[in-house]
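Beneath this line is the structure, given in structure tokens, with notes to follow.
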Amino acid sequence: FSFEGPGVRVQQVMPGSAAEESGIVAGDVIVAVDGLEVTDLRSFSGLLKARAPGDTVEVTVLRGDEAQIVEAVLGAR
């Protein structure tokens, strides 16, 4: 919770999760979902709640200074 953004820093990736399957790793900073800006944990949560398990989303992450876009298939919450 010490990360002040913008975005959400990934602290841990659970085995078998959508994040792991898409290639997201601990330390990545999620800055967008389907092109919509992620400013903080609240905005990230809201973007995910607007989608359903099985939806495919494009997630923009910063890894170091490089932006990468990965596809993730959302699982059940």
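Among the numbered conditions (1) in a loop (DSSP other than H, G, I, E, B); (2) in contact with a Pro (Cβ under 8 Å, 6 or more places away or on another chain); (3) open to solvent by less than 50 Å² (accessible area, probe 1.4 Å), tell me where VAL31 comes up short. Every condition holds for VAL31 apart from (1). Just one of the listed residues (GLU58, GLU71, GLU20) is assigned to a helix (DSSP H, G or I), free of Cβ contacts under 8 Å to residues at least 60 places away in the same chain and of a type outside the set (Val, Ile, Thr), and it is GLU20.
The values are calculated or read from the model by the stated rules, or taken from the named source; none is laboratory data. In this text the structure is predicted, and so the values were computed from the model without any measurement. Every residue, glycine among them, receives a Cβ derived from its backbone with ideal geometry; neighbour counts consider all protein chains shown. Ligands, DNA and RNA are excluded from the accessible area calculation, which covers all protein heavy atoms including side chains. Shrake-Rupley method; radii C 1.70, N 1.55, O 1.52, S 1.80 Å.
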